[in-house]
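Written below as structure tokens is the structure these notes are about.
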């Protein structure tokens, strides 16, 4: 539950403005004279005050026993889970020399996680430390970054299809890797929600839904890149008609994605409802019509069907962002509207 208390800004000296903290907050956060705090200016013109690292509790530490978990993928999953759950220090230990497969798992996990690095290594223990400064990663900025990665991927694969440019295909696949890194960072930030100024469970849920949707959209853009690779492998000529059909459908899906992000950032339920109607009443049905009418006798026809279906799946995921935007907008509106009060006989309604 968000706690709000008004404080008057005081002028100290000729030009210094100060504001005092409520005594109850100071006690709860164990603040004392000389402690540091970080003040963050958010994009919505609000200010967030965080306890600085100088006054925070000891780093959260987790141990992974590689004598028990010896499989490479298991070690990777455990490191990622510890990272997402907010552990600052992750130690991979063994009663003997750590095996090469475990070392490989550690290196691969390290490359997938923003801010996580090996800081110490012995034959029987590898220590990873997360150096993320929460103040450096405002959640709305990270969400926008994840969306831009998806958008660049989507634009890239369509351009790659038009030009049969395999360099663009490879760039797209690399960006999918970056999208996964950004998504895992968001999950870690949400585990520190209160420290970054997010106190409501509903807000955490909304951000999780949006981040998950964007990560899945990037996955589907990557699948289109894989389809283009198959074209090159098979040496297939793609007609201008097929390219135009795909490009026209892509442009409208792209526009929907822009509106979805705008609706979630601006709490615009009307825009969200409009784009949902546009998809369900048009683009969704159109995709099925295109796929249904394709003759399946040629590789090119099959390609067209798969690419359109991938774009349609992106559209379906965009709808989940729009639905989250509606929920968020309603929540915000509800919090500032005075509820109607009924009188005793229920015949009159007063505001």
_Being assigned by TED's automatic domain parsing to the domain that holds residue 153 and touching a helix residue (DSSP H, G or I) at 6+ places or on another chain (Cβ under 6 Å) narrows it down to one residue among 231, 253; which is it?_
253
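Please count how many residues of region 111-135 are under 15 Å from residue 88 (Cβ atoms) and either touching a residue at least 24 places away in the same chain (Cβ under 8 Å) or in a helix (DSSP H, G or I) (or both). Break it down into steps so the answer makes sense when it comes.
Within region 111-135, the subset under 15 Å from residue 88 (Cβ atoms) is 113-120, 127-134.
Right, trim to either touching a residue at least 24 places away in the same chain (Cβ under 8 Å) or in a helix (DSSP H, G or I) (or both) and you get 113-116, 127-130, 132-134.
Of the residues in region 111-135, 11 are under 15 Å from residue 88 (Cβ atoms) and either touching a residue at least 24 places away in the same chain (Cβ under 8 Å) or in a helix (DSSP H, G or I) (or both).
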*Could you tell me whether any residue of region 40-61 is at pLDDT 85 or above and farther than 30 Å from residue 144 by Cα?*
yes
*Would you mind stating whether residue 293 is assigned by TED's automatic domain parsing to the domain that holds residue 243 and touching a residue at least 24 places away in the same chain (Cβ under 8 Å)?*
no
*Does residue 9 qualify as being modelled with pLDDT of 75 or more and surrounded by fewer than 10 Cβ atoms within 10 Å (Cβ to Cβ)?*
yes
*Can you tell me how many residues in region 257-280 are under 13 Å from residue 154 (Cα atoms) and buried (at least 16 other Cβ atoms within 10 Å of the Cβ)?*
1
_Hits in region 81-103 (condition: in a loop (DSSP other than H, G, I, E, B) and either modelled with pLDDT of 95 or more or under 27 Å from the mean Cα position of the chain (by Cα) (or both))_ = 85, 86, 87, 88
*Considering only region 64-80, state which residues are at pLDDT 95 or above and either loosely packed, with under 15 Cβ neighbours inside 10 Å or under 14 Å from residue 115 (Cβ atoms) (or both).*
77, 79, 80
*Of these, 190, 166, 184, which one is within 23 Å of residue 58 (Cβ to Cβ) and either surrounded by 15 or more Cβ atoms within 10 Å (Cβ to Cβ) or outside the structural domain of residue 47 (by TED's automatic domain parsing) (or both)?*
190
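The values are calculated or read from the model by the stated rules, or taken from the named source; none is laboratory data. Since this is a predicted model, take the numbers as computed values, not measurements. Heads up, the Cβs are rebuilt from the backbone with ideal geometry, glycines too, and the neighbour counts pull from every protein chain shown.
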